[in-house]
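Structure, as structure tokens:
Coordinate-derived values only; no laboratory data. Since the structure is predicted, the reported quantities are computational estimates derived from the model, not experimental observations. Counting neighbours? That spans all protein chains shown, and the Cβs are built from the backbone with ideal geometry, glycine included.
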């Protein structure tokens, strides 16, 4: 190192030392407030509560740790281009209590601590308006329920955090509650929150919890509790804590009706307050579905997180030739799941080599190209993308689709292809279009106001239909609410006379498509206990390493992508990070880990 460099470094260190000291001494008035001082002020108390919202997962971010959403990339609906996301370790079976995304556990418990401190101290805060004070208590109570639910969906039975812990507390006393105790605590908090919260809020408070959010959370939780993973699961019948107490319940068929009642109650109450399925001004099925996810806080949204000016989703999902990263890649299996425009099923299964079993009656074709443009597809694209249901065109960017003013070129030498060099290219031959704002100019680092929807009315329709079908069979209300979803999407209603088992498959299919990329598919396949079929297999993609034009047949050859791993003995639930068990040795590790 030369003398000029040494002098330069010393100068920087000296300036830093003096300026840091000055900054430390010159604190603002509110930097060192005690808890008591915080709750002496309504303004500071509200800010404290607002900070708890920051602990909600940024599920809009599928690949970075701060999103705390490894679930979309680990489900059978998406492959993420890059190797670093935790989802890649999950699908390779390379995770463990020591190799785990720790923030899924840690951030939820941090949020629980925040709201418990708030609830324990808010009585000291002066309020002129008791209704507003009750609403703040309701928000904190809902958030506590939601944080517990986020833990339960990944880890099963969890400790109940009904109070804050001092730093010198004996953490060895912390143990898992039983699954039913965990659920009962969440339900009680949902009920209390619903009693305290307004059904809707004014525009400046959009993103705060409401009664609608509490009703929706309760309904989703009860659906999970009625499902095979959590309701009489024989694999967990002998799973106990360190005291020998069984943590999972015996089967109870009545839980399905309880779940149905909760979903129907949610639907009836929110619709009476003005919520409803989102319909675009044109009632075009593609626009109905597209706009639902870009029109912030529309009438279908029951609870969503404000992300502010945000473009990371647009960057991750946009083609590399348009300034994006080409990272969020729908699987070929999901593409195949979209129906034809008339509601028929194009692909009914797969042969051992990954080739599709095509339903000839559907009119679906794997070969050839569109001679002319259709309502939703341009001329010249592969026939496999012709005549599909509107949600396909609203959700999937495929080779030749028109996006931001030109046709997408995913073939190897195309503008958006692998041959451009670098790590950013689609690995499946598709990119996610759903939720992405086409008007954001990435070249100019543009962004738009974004939200992430945690709960919406369409989900509640499907929750109700599923639970009611499991309880009573394919009765009229089951048809009614599934068909409302399909009608909005421009599809015909379900065929009459379905058995309970046939309707079950229809509902599961509808959830797969309608709720794609919304952090449902991962948990659906697990609560149904079908993940060993959906995830433990070979996955295939378009032949992205080939092709020199849109109509180069070599690109459209289904090509092996990867073998995914799912071990049913342990992968249905997440392990608790071992570092957390070291702190609280009374915790029992999740089954199989």
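Quick notes on this one:
- Each peptide in 379-390, 355-366 gets a packing score, the mean of other Cβ atoms within 10 Å over its residues, and the list from highest to lowest is 379-390, 355-366.
- Within the chain, the proportion of C-alpha pairs whose separation exceeds 40 Å stands at 30%.
- Gain upon complete extension [residue 582, residue 92; 0.36 nm per residue less C-alpha separation]: 173.8 nm
- The distance linking the stretch 471-503 with the stretch 515-593 is 29 Å (Cα centroid to Cα centroid, whole angstrom).
- Extension gain, residue 344 back to residue 448 (0.36 nm per residue minus Cα-Cα distance, nm): 33.8 nm
- Residues in the stretch 160-184 reached by a label modelled at residue 242 [backbone nitrogen below 16 Å; 7 Å Cα→Cβ]: 160, 169-178
- Spacing of the modelled spin labels on residue 33 and residue 169, each 7 Å from Cα toward Cβ, amounts to 2.3 nm.
- Estimated FRET transfer efficiency when R0 is 35 angstrom, pair residue 562-residue 257 (beta carbons, to 0.05): 0.25
- Theoretical FRET efficiency, 1/(1+(r/R0)^6), r = Cβ-Cβ of residue 475 and residue 265, R0 25 Å, to 0.05: 0.90
- Value of Rg to Rh for the stretch 426-474, rounded to two decimals, is 1.23; Kirkwood radius and Rg both from alpha-carbon coordinates.
- Under 19 Å from a label point set 7 Å out along the Cα-to-Cβ vector of residue 66, the amide N atoms of the stretch 434-458 belong to 445-453.
- For the Cα trace of the stretch 312-446, dividing Rg by the Kirkwood Rh returns an Rg/Rh value of 0.97.
- Listed peptides 477-486, 579-588 appear in the order 477-486, 579-588 once ranked by packing, highest mean of other Cβ atoms within 10 Å at the front.
- Estimated FRET transfer efficiency (residue 379, residue 496; beta-carbon r; R0 60 Å; 0.05): 0.95
- Anisotropy class assigned to the stretch 237-293 is prolate, per the alpha carbon gyration tensor with a/c at or over the 1.5 cut-off and a/b larger than b/c.
- Once the Cα-Cα distance is subtracted from the 0.36 nm per residue extended length, the residue 360 to residue 508 segment shows a gain of 51.0 nm.
- Distance in nm between pseudo-label sites at residue 123 and residue 203 (7 Å out along the Cβ direction from Cα): 3.9
- Gap separating the Cα centres of the stretch 241-305 and the stretch 62-93, nearest whole Å: 25
- Ellipsoid semi-axes for the stretch 33-156, based on the Cα gyration tensor and the rule √(5λ), read 36, 13, 12 Å when sorted largest first.
- Annotation: peptides 227-236, 309-318, ranked by per-residue average of other Cβ atoms within 10 Å with the highest first, follow the order 309-318, 227-236.
- For the chain, calculated [θ]222 nm from helices alone, where every DSSP H run of n ≥ 4 adds -39500 (n - 2.57): -12000 deg cm²/dmol
- Scattering profile of the stretch 199-250 at q = 0.18, 0.27 Å⁻¹ [log10 I(q)/I(0), Debye over alpha-carbon scatterers]: -0.68, -0.97
- Paramagnetic label zone (point 7 Å from Cα along Cα-to-C-beta, residue 184; backbone N under 15 Å) in the stretch 247-276: 247-250
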